[in-house]
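The values are calculated or read from the model by the stated rules, or taken from the named source; none is laboratory data. The model shown is predicted, which means the values in this text are computed figures rather than measured ones. For neighbour counting, all protein chains shown are included, and Cβ atoms are generated from backbone atoms with ideal geometry for every residue, glycine included. Heavy atoms of the whole protein, side chains included, go into the accessibility calculation; ligands, DNA and RNA do not. Shrake-Rupley method; radii C 1.70, N 1.55, O 1.52, S 1.80 Å.
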Amino acid sequence: MPTITPFNPDAEFLKADPYPHFKELREGDPIHRGEFGYWVASRFDDVRSVLMDRSGFGQGDFVQNIQLFYGPDFDPLAEPAYRWLSEIFLMQDPPQHTRIRGLVTGALTAKRVRAMEPRIRQIADNLIDKLSDQLLAHGEVDVITEFAYRLPVMVMCDMLGVDPDDPELPAVVKAIAESFLVFEARQLSTEELTTANKEIELLEDFFGRLFAERLERPQDDLATALAQSRDNQGDNADALSHRELVTVAVGLFGAGFETTAHMIGNGMLCFGRNPEQWQALITNPTARAAGAVDEVLRYESSLIATYRTALEERTVQGVTIAPGEKVLTLIGAANRDPRVFDNPEHFDIQRNGPGHMSFGGGIHYCVGAELARIEGRVAFEHLATRLPDVQVDTRHPSWRDGFMFRGLSRLMLRAP
């Protein structure tokens, strides 16, 4: 058996195309000991079993998980960015995870999300008007900065009641990208961590002021609903604290636009590289946009990996995972597992069959999944309807830094 290159999320070759290495791991060493000492799972059934196992896998000891990268003398809770990360419900186990997630989902109801669709369509059309003007004037436009990011940012502003013309908003968007590096399964450089700390403090100040205003002057928005949240029994003592409100808002706002922006951008690159699929979409955008969303999420997921800690001893692929050991589940590898998906390396928006793992699973299944699906469906439907002849420059896509969140920083559309 050939030697498998130890997995390292910093490897430069992963940025442009991680899938050959994912295949190498999936076929040659599906439960692989990575360069930083944690296990790496790459087959669909193994990834799913880890993410769905509520008793065997969870988040575990946050401090120990981070010290895996930095060493035992590093105190992550002394760093504002890691302290914030430790407090979001995504990184917590029951009962705290259950309590906070329940309060969040009680405010972020399906009814509230579905009621946003007309507004999402209006935002998409307005942005495409501007895309069209720029294409006409300049012959090209960056779809990432001018559409993929702006659509979900404006949607999250609407939901939370943030003024989309707030002069602080560009700094908030920048702060999300630079602080969310703490999600990466690696040690950050001194410069990266210093920046993440500074930016998370900016975010906490921004959303802290927002909730203070909503408590004083309630409005019909998600920020007010979160501020007024109660548990299912209406116990006022169990409402989200101010600190928890801010922590949740930063996470919701960031995840609500960052991964969705990547999904839209990744999708347009996929369509550019597979023009027959773009033709299939523009033939019937309304009927095929939802399938396009799921295929983009499977084929070029914006969340490419997530990790869990063993809470109890478990055996995966004959390998014993001891309590306290960490497992990085490669969602991007699982989504192309030929044991589950027919012709998995082919991008096909009319694919039928099993679902992808890009929204995670178990108790940590993405709370914003329905909103992301609506935004993606509207985006692809409107782009295919309004700009059917646009050309995607597939020669020079620019991938953002980082491993866990896979997305583009630049992708040019050109007039036909």
Check your understanding: Can you find even one residue in region 346-359 that is at pLDDT below 95, over 21 Å from the mean Cα position of the chain (by Cα) and among the polar types (S, T, N, Q)?
Key -> yes
Exercise for review: State which residue is nearest to Val173 (Cα to Cα) when the search covers only region 391-409 and only residues that are open to solvent by 20 Å² or more (accessible area, probe 1.4 Å) and in contact with a Phe, Trp or Tyr (Cβ under 9 Å, 6 or more places away or on another chain).
Suggested key: Ser409
Practice item. Just need a number here: residues in region 188-205 that are touching a helix residue (DSSP H, G or I) at 6+ places or on another chain (Cβ under 8 Å) and of a type in the set (S, T, N, Q). Key: 2
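Going by the structure shown, is Thr195 part of a helix (DSSP H, G or I), over 27 Å from Thr98 (Cβ atoms) and among the polar types (S, T, N, Q)? Can you show your working first?
Values: part of a helix (DSSP H, G or I): yes; over 27 Å from Thr98 (Cβ atoms): yes; among the polar types (S, T, N, Q): yes.
Spelling it out, Thr195 is indeed part of a helix (DSSP H, G or I), over 27 Å from Thr98 (Cβ atoms) and among the polar types (S, T, N, Q).
Okay, residues lined up against (1) in contact with a Gly (Cβ under 6 Å, 6 or more places away or on another chain); (2) closer than 25 Å to Asn266 by Cα:
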{"residue": "Leu25", "(1), (2)": "no, yes"}
{"residue": "Ile31", "(1), (2)": "no, no"}
{"residue": "Val40", "(1), (2)": "yes, yes"}
{"residue": "Gly58", "(1), (2)": "no, no"}
{"residue": "Asn65", "(1), (2)": "no, no"}
{"residue": "Phe69", "(1), (2)": "no, no"}
Exercise for review: Just give me the residues in region 75-98 being open to solvent by 60 Å² or more (accessible area, probe 1.4 Å), outside any helix (DSSP H, G or I) and either within 16 Å of Val367 (Cβ to Cβ) or of a type in the set (Lys, Arg) (or both), in sequence order.
Suggested key: Pro94
Review point. Looking at region 276-297, is at least one residue within 15 Å of the chain's Cα centre (by Cα), at pLDDT 90 or above and open to solvent by 30 Å² or more (accessible area, probe 1.4 Å)?
Key: yes
Point to revise | Residue among Leu68, Leu90, Leu25 that is of a type outside the set (Gly, Ala, Ser) and under 19 Å from the mean Cα position of the chain (by Cα) | key: Leu90
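Could you say whether any residue in region 330-345 is under 22 Å from Asp53 (Cα atoms), of a type in the set (Val, Ile, Thr), in contact (Cβ under 8 Å) with a residue 12 or more places away in the chain and surrounded by 22 or more Cβ atoms within 10 Å (Cβ to Cβ)? I'd like the intermediate steps shown before the answer.
First, pick out the residues of region 330-345 that are under 22 Å from Asp53 (Cα atoms): 330-337, 339-340.
Retained after the next criterion (residues that are of a type in the set (Val, Ile, Thr)): 331, 340.
Okay, now just the ones that are also in contact (Cβ under 8 Å) with a residue 12 or more places away in the chain, so 331, 340.
Remaining after also requiring surrounded by 22 or more Cβ atoms within 10 Å (Cβ to Cβ): 331.
Yes, region 330-345 has at least one match.
Output the residues belonging to region 365-377 that are in a loop (DSSP other than H, G, I, E, B) and either open to solvent by 40 Å² or more (accessible area, probe 1.4 Å) or of a type in the set (Lys, Arg) (or both). Walk me through how you get there before you give the answer.
Of the residues in region 365-377, the ones in a loop (DSSP other than H, G, I, E, B) are 365-368.
Tyr365, Cys366, Val367 - these are the residues of region 365-377 that are in a loop (DSSP other than H, G, I, E, B) and either open to solvent by 40 Å² or more (accessible area, probe 1.4 Å) or of a type in the set (Lys, Arg) (or both).
From Gly360, Gly324, Gly353, grab the single residue that is at positive phi and without any contact (Cβ under 8 Å) to a residue 60 or more places away in the chain. Give the steps one after another, and end with the answer.
Numbers: Gly360 fails: without any contact (Cβ under 8 Å) to a residue 60 or more places away in the chain; Gly324 fails: without any contact (Cβ under 8 Å) to a residue 60 or more places away in the chain.
When all the criteria are applied, what remains is Gly353.
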Check your understanding: Would you call Arg101 in contact with a Phe, Trp or Tyr (Cβ under 6 Å, 6 or more places away or on another chain), in a helix (DSSP H, G or I) and within 23 Å of Ser301 (Cβ to Cβ)?
Key -> yes
Practice item. For region 138-150, indicate whether the set of residues that are closer than 30 Å to Glu312 by Cα and among the polar types (S, T, N, Q) is non-empty. Key: no
